[in-house]
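Beneath this line is the structure, given in structure tokens, with notes to follow.
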Amino acid sequence: MSGELTDADVDRARRTIGIPTPGRSTAWVDQADASSIGHFAFGYGDDNPLWHDEGYAGRTRWRGIIAPPTYLIAVGVNEAPPLDPETKALFKGLFSGLGKYYAGVDFEWWRPVVAGDVLHVERSTSDVEVKTSAFSGSRSVIETYQSLYVDRLGECVAVRRERYVSAERSGTKASGKHADLARQEWTAEGIAALDAVYEAEERRGAVSRWWEEVEVGDLLVPVMKGPLTMVDIISMHMGMGWGGYDVGPLRYAWDLRRRVPSFYELDPFGVPDVVQRLHWDADRAQELGLPAPYDYGQMRTAWLSHLITNWMGDDAWLVRLESDTRGFNFHGDAHICVGEVTGLRLEDGLPAADLAVAAMNQREEVTCSGTATVLLPSHEHGPVRLPRPPEDLRLRAASSAVEAARSRAAGG
């Protein structure tokens, strides 16, 4: 269904900024544990023993298994009270009829997530930006959704700011953008070349990467991902859940169809199925003018984190990762994840390395790129000290915790 981006919707969206919103579904993981942490890492193909092996992890500075960076997308108990009718009306039907696509995410982490943690999350819109294409004159809106993760005492753990773009388009098929693109076919030699990159991957692990030994221009050892298959999509869902859409089987699907009928369309045999199936249903993808189903942007962000954590080792700390998703990653595509050290500095007195990272497919298209900051151990400055959250977020987290407690006391 086509739609129009209206000024009225933009105004309504901007009025929602900063309002804590209740979750549409429960968290995939209520309480962090070694099993869900390992399954999440498995879901994006990361076999680092720091995420999987209690014996190994117990010998690191963390004294046990910690969660990989993007595990946050699977957790977070949302205690925001229900919206009053007037506020709820602001959100209803916003940008309906427009296609909505994942555009990127900014993460920042201040302490590890470990088994036994129950994280609470406050979600709200943090930005609404309208852009007009200089080529076509069509408009799009970029909405940024902030998820602030706190522990049971209201102390900041991490923040995630995820961007989605909704555009004035009549659909991918009508645009003809991918009309000449066919699904990738591989030769034995091509697969062997990918396998060689897998074979050459390096994990720094227990060997400290000292800040003084890193130089600007150093390259990270690449990480290979793909060719993408349906097993990869299934495995990602095993770890991260359904991304807040509350999709499920059988009676769960029936219940969601009653509550959100627009999330279902009939397949060629008359069966109502989720619109999300274009991530695994080849026929549906081709109906929309795509050569094959495609992945989730969260997958490629996790891939970039895999590249970085391989390079930095167990003693380091990934402070932030900012990534932009620029294109589709279709079934059959392979991506090589690469990175380079772009800067060395002290950040609030902490030895830091800045990185540029990217994921490029076999057509030499960069479909995901970003920047990251890693804290490294230092001969001069000592072991890594965890960073301090910004004061504005610390105050917001504490306030959110107090309001959640009041809501619980009032039976909200």
*Could I get the Rg over Rh figure for segment 187-278? Both from C-alpha atoms, Rh via Kirkwood, rounded to two places.*
1.21
*How long are the three semi-axes of the equivalent ellipsoid for segment 172-331, computed from the Cα gyration tensor as the root of 5 times each eigenvalue, in whole Å, largest first?*
36, 21, 14
*Relative to the compact globular guide of 2.2 N^0.38 Å, what is the alpha carbon radius of gyration of segment 1-151, as a ratio?*
1.30
*Helical mean residue ellipticity (222 nm; -39500 (n - 2.57) per DSSP H run of 4+; nearest 500) of the chain*: -8000 deg cm²/dmol
*Please compute the net charge surrounding Val157, taking Lys and Arg as +1 and Asp and Glu as -1 over other residues with Cβ under 11 Å from its Cβ.*
-1
*asked:* Rounded to the nearest 20 debye, what is the charge dipole size of the chain about its Cα centre when +1 sits on each Lys and Arg Cβ and -1 on each Asp and Glu Cβ?
replied: 1360
*Work out the charge dipole of segment 39-154 with +1 on the Cβ of Lys and Arg and -1 on the Cβ of Asp and Glu about the Cα centre, then indicate which of Trp109, Ala41, Thr132 is farthest towards its positive end.*
Thr132
*Using just the alpha carbons, could you tell me how many Å³ per residue the convex hull of segment 262-412 encloses?*
184
*Out of Val121, Val366, Val223, any idea which swings most in a Gaussian network model of the chain, alpha carbons joined below 10 Å?*
Val366
*Based on a Kirkwood Rh over C-alpha pairs, give the Stokes-Einstein translational diffusion coefficient of segment 313-354 at 4 °C and viscosity 1.567 mPa s in µm²/s.*
95
*asked:* Under 10 Å, Cα contacts only: if you run a Gaussian network model on the chain, which one of Pro377, Pro351, Pro261 comes out with the highest mean-square fluctuation?
replied: Pro261
*Expressed as a rounded percentage, what relative contact order does the chain have, with Cα pairs under 8 Å and six or more residues apart?*
19
_Unit charges at the beta carbon, dipole of the chain: most positive-side option, Ala192, Gln276, Tyr294_ = Gln276
*What order do you get for Thr16, Thr229, Thr309 when you list them from fewest to most C-beta neighbours inside 10 Å?*
Thr229, Thr16, Thr309
*Note down the magnitude of the dipole of segment 290-412 about its Cα centre, charges +1 on Lys and Arg C-beta and -1 on Asp and Glu C-beta and zero elsewhere, to the nearest 20 debye.*
520
*DSSP loop GluC sites (Glu not before Pro) in segment 177-271 with at most 13 other Cβ atoms within 10 Å of their Cβ, which ones?*
Glu185, Glu202, Glu215
*Could you please report the charge total around Ala398, scoring K, R as +1 and D, E as -1 over all other residues with beta-carbon less than 12 angstrom from its beta-carbon?*
-4
_Running a GNM on the chain with Cα contacts under 10 Å, which residue among Ser35, Ser323, Ser124 ends up with the highest mean-square fluctuation?_
Ser35
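Only the coordinates and a few stated rules stand behind these numbers; no lab work does. Note that this is a predicted model, so its numbers are computed, not measured. Cβ coordinates were reconstructed from backbone atoms using ideal geometry, including for glycine residues, and neighbour counts include every protein chain displayed.
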